[in-house]
1. Of everything in segment 154-174, what is part of a helix (DSSP H, G or I), of a type in the set (D, E, K, R), out of contact with any strand residue (DSSP E or B) (no Cβ under 9 Å at 6 or more places or on another chain) and surrounded by 17 or more Cβ atoms within 10 Å (Cβ to Cβ)? Give them in sequence order.
2. Among Val177, Val126, Val217, which is the only one that is surrounded by 21 or more Cβ atoms within 10 Å (Cβ to Cβ), among the β-branched types (Val, Ile, Thr) and farther than 22 Å from Leu246 by Cα?
3. Which condition number in (1) in contact (Cβ under 8 Å) with a residue 12 or more places away in the chain; (2) in a helix (DSSP H, G or I) is the one that Asp245 fails?
4. Quickly run through segment 48-58 and pick out the residues that are more than 11 Å from Thr104 (Cβ to Cβ) and either part of a loop (DSSP other than H, G, I, E, B) or polar (S, T, N, Q) (or both).
5. Regarding Ile17, is this residue among the aliphatic types (A, V, I, L, M), within 16 Å of Ala228 (Cβ to Cβ), assigned to a helix (DSSP H, G or I) and touching a helix residue (DSSP H, G or I) at 6+ places or on another chain (Cβ under 6 Å)?
6. From (1) in a helix (DSSP H, G or I); (2) in contact with a Leu (Cβ under 6 Å, 6 or more places away or on another chain); (3) in contact (Cβ under 8 Å) with a residue 60 or more places away in the chain, pick out the condition that doesn't hold for Val217.
7. Among the residues that make up segment 190-210, is at least one of them part of a strand (DSSP E or B), in contact with a Leu (Cβ under 7 Å, 6 or more places away or on another chain), modelled with pLDDT of 95 or more and not polar (S, T, N, Q)?
8. I need the full set of residues from segment 130-153 which are part of a helix (DSSP H, G or I), of a type in the set (A, V, I, L, M) and closer than 14 Å to Ile232 by Cα, in order please.
Amino acid sequence: MALQEPFPDLEEILTSIGAGGDQVAAIDASEGAAGNISVCIGWPIEVRRHFPIVEEIKLPQPAPHLANHVVIVTGSGRRLREIRVNPAANLAAVLISADGVGGTLHTAPGRLFERVTSEWNSHLAVHDDTVERTGTNFHAIVHAQPPKLVYLSHVPAYSDETYLNGRLLRWEPETIVNLPAGIGFLPFMVPGSGPLMAANVANLRTHRIVLWAKHGVMARSSISVKRAVDRIEYAETAANYEYMDLLTGGRAEGLTVAELKAVVAAFDVDTNQV
């Protein structure tokens, strides 16, 4: 899927990132400076008026399919809830070079960070992989730390992806409609590490959202930042139901398999859709 003209301008994209940051904060999924957002743009867009300071950089790994794309990304240590108030202080724009090895970092004079997010390698790798596979001209990624999902990832039984999805998809019909491929799961890996990056790329090929054990989640969308955040909110709402059920001794039935199948049939949900 690709966005069609007229394409959003930079102001609209910055506003959408700010709104996404507010939405993540509203569900308590970005304590302090936790969480990060990036948007990959595949059409020509002028960034210098907002981000006039220029610096050549080397990418953490090659991104050949992002050649000449612009990636707008949050700065390390910045609070997602503050993006809306001052986008230029909290975001950077990276124009990927034609060889996909380096890029031009554009920032504002009042930037409040030393470097871009520590999860930059995962953002870049997922964007590159998705653009290669789908040919999309827009891709948004949101990393957040929703507390109920993270809590469940500490419980050994929920480290089984089939069990995790069986428990979480049973609470509301909307969950499987909006997360038709379910929720991916990765065992704990050091944040920002190469193994996490590689496993995350592979898992987000088959899911729209993946739970990083004992850490957080990453969600993606080829439509909008808010759509990616919505996916986090649907998953966290399901985890909140599951958490309440655990507290009350597992008394609730939840949607049965037959009821879930009826929802899938009624709404023509493609459970292989990612």
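1. Within segment 154-174, Arg167 is the sole residue that qualifies.
2. Val126
3. Looking at each condition in turn, Asp245 falls short on (1).
4. Hits for segment 48-58 are Arg49, His50, Pro52.
5. Judged against the criteria, Ile17 is a match.
6. (1)
7. Within segment 190-210, one or more residues are part of a strand (DSSP E or B), in contact with a Leu (Cβ under 7 Å, 6 or more places away or on another chain), modelled with pLDDT of 95 or more and not polar (S, T, N, Q).
8. Leu149, Val150
The values are calculated or read from the model by the stated rules, or taken from the named source; none is laboratory data. Everything quoted here is computed from the prediction, not taken from an experiment. We place every Cβ from the backbone using ideal geometry, glycine too, and count neighbours over all the protein chains shown.
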